[in-house]
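Novice: Below is a structure I'd like to ask you about.
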Amino acid sequence: MVSGLVFANRVLKNETSKGSTPKPLSAAEMKAGREKWEAIPDGIKFKEWEASPAGKKVDAAEAKIRNHINAFTNMEAVVTSLTLPPSSRLGFGVMARINGYDYILSFGTDFNNEFQQLHSLKVNDKIILRSCLKTIK
């Protein structure tokens, strides 16, 4: 009786995990979703910011490290601030200088043990970064 319950429980877990795996979106679905988002107020604000001098400056700075991001190669950074700008809503992060440009390094709002050692960083500490996500444009 007990082994029957365990077996049944195992089957249910497998069925649940099969159904919960999201299917990757096609390029057309991604484009349609982006166009839909660009039509809402947040998307409109982003497009305006992207066209502004500040947005162009950020894009130019990102272009300086784009090859490192896409190739998943190491980048040396120096911590310049232990806090993010007051208006940012990015969770835990630091400011760092990479190749003479300042960047926000955001580690998200999840305060699990994965990033615990980053809380001990100090200004002027050197860190080695490697991208784990490609830039999506």
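Every number here is computed from the coordinates shown, using simple stated rules; none is lab data. Predicted model only: the values in this text are computed from it and were never measured. Please note: Cβ atoms are built from the backbone with ideal geometry, for glycine as well, and neighbour counts cover all protein chains shown.
Novice: Starting at 0 and stepping by 10 Å, how many percent of the alpha carbon pairs of the stretch 29-130 end up in each bin?
Specialist: 13, 35, 37, 15, 1
Novice: Order of I44, I69, I128 from fewest to most other C-beta atoms within 10 Å? Mind showing how you got there, number by number?
Specialist: Working: I44 12, I69 17, I128 8.
If I rank by nearby Cβ atoms, fewest first, I get I128, I44, I69.
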